[in-house]
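These notes concern the structure reproduced below.
The values are calculated or read from the model by the stated rules, or taken from the named source; none is laboratory data. It should be emphasised that the depicted structure is a prediction, and the values quoted were computed from it without experimental measurement. Virtual Cβ from ideal backbone geometry, glycine too; neighbours counted across all protein chains shown. Protein only, heavy atoms only, side chains kept; ligands, DNA and RNA dropped before computing areas. Shrake-Rupley method; radii C 1.70, N 1.55, O 1.52, S 1.80 Å.
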Amino acid sequence: MVKNINDYIAKSMDILELSLEGIIIFDNYFKIIYVNSASSKLFGYSKDELLNLSVTSLLHKDFHHLIPEKIDNNISTGEVYMEKLFKNKQGNYLPCEINLKPYSMNNTIYGIAFIRDISENRLVETEMKLLNEKLIKEKEILQEISIKDPLTNLYNRRYVFARLKEEMEKHNMYNTSLSIIMFDLDGFKLVNDKHGHLYGDDVLKTISDFFKTTTRNSEIIARYGGDEFLILIPGSNIEKAKSIAERIRVDLEKLSFCDSDIKLTTSAGVIEYKGENEKDFLNKVDSLLYSAKKSGKNIIKVIE
């Protein structure tokens, strides 16, 4: 027959010592009265050192306020599972899983804590989180690469075609306005012929940076091919689109390139969507651009 807590510990000693989990038995004031060898190994204290401590002193300070001064009958029933940070003798904090069971004897409530180090679990969780974040980032990078022109970092044809189709569907469903502008640099071939293609690439990058700064977030600017650029303007009628095109034409003429005396102009076609199919819509703006080039360049052509 078990007469007291020390009798219980003595009779259970072999089982308690065989456990790979840390086992701490404490009184109703959280004073430690027994620890097994696994606890000593876990916290880096000798058994005698642990017997001079309280359970509270082993916890991270942020959890001290959660521990009452004394275990009373209101909290002495049932089994409690939790994860908390403990502190070892070296001052390092250990994430631990605790299974806490109350034990009543001679009108006194004792606590038996089964403690398991879950640092490796947390490490795996952290590594998995970092891996997932890396995969998400790589996916975002791949997505960015798939929709951007590698030279200019503007959107590419595939992306602008997909967005154009979306905006055409919105127009057909909600009768929203939609216009596009197609630009072509006047005389750009002469730049390549005179200065070489690498210099021409630098000019295209400068032009692209100019487009990025002169267009709004709602306006989708793409490199259409070679020295042609397409701006998709949702919510814009023909007058607004014409005004945007004219402003870009005037401002682009003022650009300087790589400390040279090169001055470029641009011609453009502007059209508002009226319900035609995608191919016809693009062919119309392409024809306008061609007409602008044939009319002397540095001109905006519009279908009213």
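Below, the figures for the structure above:
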{"item": "Segment 209-225, residues that are within 28 Å of the chain's Cα centre (by Cα) and either outside any helix (DSSP H, G or I) or within 19 Å of G187 (Cβ to Cβ) (or both)", "result": "F211, T215, R216, N217, S218, E219, I220, I221, A222, R223"}
{"item": "Subset tally (residues that are touching a residue at least 40 places away in the same chain (Cβ under 8 Å) and touching a helix residue (DSSP H, G or I) at 6+ places or on another chain (Cβ under 9 Å)) for segment 121-159", "result": "8"}
{"item": "Considering residues of segment 275-300 that are among the basic types (K, R) and more than 39 Å from the chain's Cα centre (by Cα) only, the residue least open to solvent (accessible area, probe 1.4 Å)", "result": "K293"}
{"item": "Identity of the residue in segment 100-130, of a type in the set (S, T, N, Q) and either modelled with pLDDT under 80 or within 36 Å of the chain's Cα centre (by Cα) (or both), that ends up nearest to L59 (Cα to Cα)", "result": "S119"}
{"item": "Selected residue (criterion: farthest from K263 (Cα to Cα)) from residues of segment 179-208 that are part of a strand (DSSP E or B) and within 36 Å of the chain's Cα centre (by Cα)", "result": "S179"}
{"item": "Test for S208: is it under 24 Å from A245 (Cβ atoms), out of contact with any Ser or Thr (no Cβ under 8 Å at 6 or more places or on another chain) and open to solvent by less than 90 Å² (accessible area, probe 1.4 Å)", "result": "no"}
{"item": "Cβ pairs under 7 Å, 6+ apart, first in segment 80-97 and free of Cβ contacts under 8 Å to residues at least 24 places away in the same chain, second of a type in the set (S, T, N, Q) and part of a strand (DSSP E or B)", "result": "Y81/N99"}
{"item": "Top-ranked residue in segment 92-122 [being closer than 12 Å to V80 by Cβ and among the charged types (D, E, K, R); ranked as surrounded by the most Cβ atoms within 10 Å (Cβ to Cβ)]", "result": "E97"}
{"item": "Matching entry among A162, A222, A241, A268 (being out of contact with any strand residue (DSSP E or B) (no Cβ under 7 Å at 6 or more places or on another chain) and among the small types (G, A, S))", "result": "A162"}
{"item": "Residue list for segment 211-225, filter: open to solvent by 40 Å² or more (accessible area, probe 1.4 Å) and either touching a residue at least 60 places away in the same chain (Cβ under 8 Å) or not small (G, A, S) (or both)", "result": "K212, T213, R216, N217, R223"}
{"item": "Residue match in segment 153-169 (condition: open to solvent by 50 Å² or more (accessible area, probe 1.4 Å), modelled with pLDDT of 90 or more, assigned to a loop (DSSP other than H, G, I, E, B) and under 24 Å from V203 (Cβ atoms))", "result": "yes"}
{"item": "Top-ranked residue in segment 1-34 [being more than 46 Å from the chain's Cα centre (by Cα) and among the polar types (S, T, N, Q); ranked as most open to solvent (accessible area, probe 1.4 Å)]", "result": "N6"}
{"item": "Every residue from segment 226-264 that is open to solvent by 30 Å² or more (accessible area, probe 1.4 Å), outside any loop (DSSP other than H, G, I, E, B) and in contact with a helix residue (DSSP H, G or I) (Cβ under 9 Å, 6 or more places away or on another chain)", "result": "E228, P234, R247, D251"}
{"item": "Any hit, segment 64-71, residues being closer than 18 Å to K101 by Cβ, modelled with pLDDT under 90, more than 45 Å from the chain's Cα centre (by Cα) and surrounded by fewer than 17 Cβ atoms within 10 Å (Cβ to Cβ)", "result": "yes"}
{"item": "Count - residues of segment 170-191 that are polar (S, T, N, Q) and surrounded by fewer than 16 Cβ atoms within 10 Å (Cβ to Cβ)", "result": "3"}
{"item": "Subset of segment 211-227 (residues that are more than 17 Å from R163 (Cα to Cα) and among the charged types (D, E, K, R))", "result": "K212, D227"}
{"item": "Qualifying residues in segment 192-229 (those that are of a type in the set (D, E) and within 13 Å of L264 (Cβ to Cβ)) - the one modelled with the lowest pLDDT", "result": "D202"}
